[in-house]
Amino acid sequence: MARPGNKIIQAKLVLLGDMGTGKTSLALRFVKGQFYPNQEPTVGAAFFTQILSLSEATVKFDIWDTAGQERYHSLAPMYYRGAAAAIVVYDISSIDTFVQAEKWVQELQRHGNQKLVMALAANKSDLEPKREVETEEGEKFAQENGMFYMETSAKTAENINELFYEIAKRLARAL
Ligand code: GDP
Ligand code: MG
């Protein structure tokens, strides 16, 4: 609940990244607190809302998820329009998805606003034995692109709330 006198920030947040990296799972974990292992990749709802209360502000997230269009490596400009924050997702067990993250960041820079809060989510951290992308590589990439880095798992819930809290804090600070 919003406290009296507390700022309310409504923020559009877009999820980007290759198909199968776990965008929908991240959103569902955050919004519903659950993981759906047999969820059809990319199929599903394209819009979620969730509210986070910080001491300094209440952030109401409008989370935009793709409905499979990322397969074509191009999303409609309206997907990016007005976004205040973005999470670029890759899968630590797939180097290809990390390579493609660069392309998603470029897309974002082309279409999004310049002061966007950007997070890099190195997802599926539970798949450590199959890791193909080292933490240092992800951190370096994030730093070079003005993003903050977080290793997440939609499956175990590791760092999911932390990811969205960090975004909320940065949004509140930017105001
Ligand atoms: P999207 O295409 O980016 O939306 O990816 P999905 O959320 O549909 O997930 C693709 C597949 O990866 C599904 O089989 C998910 O169950 C699985 N998945 C998503 N997140 C994780 C995770 O953190 N760990 C593991 N092990 N699997 C995940
Ligand atoms: Mg999806």
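The values are calculated or read from the model by the stated rules, or taken from the named source; none is laboratory data. Keep in mind that what you see is a predicted model, and the values were worked out from it rather than measured. Ideal geometry is used to build each Cβ from the backbone, glycine not excepted, and the neighbour counts take in all protein chains shown. Surface accessibility is based on the protein's heavy atoms, side chains included, excluding ligands, DNA and RNA. Shrake-Rupley method; radii C 1.70, N 1.55, O 1.52, S 1.80 Å.
Among the helices (runs of 4 or more DSSP H) confined to the stretch 80-175, the ones with at least 2 residues that are open to solvent by 80 Å² or more (accessible area, probe 1.4 Å) and within 26 Å of TYR36 (Cα to Cα) are located at 160-174. Within the stretch 7-26, being in contact with a helix residue (DSSP H, G or I) (Cβ under 6 Å, 6 or more places away or on another chain), away from ligand 2 (no atom under 11 Å from the Cβ) and open to solvent by 10 Å² or more (accessible area, probe 1.4 Å) holds for one residue alone: ILE9. Among residues of the stretch 52-79 being surrounded by fewer than 19 Cβ atoms within 10 Å (Cβ to Cβ) and among the charged types (D, E, K, R), the one that is farthest from ALA122 (Cα to Cα) is GLU56.
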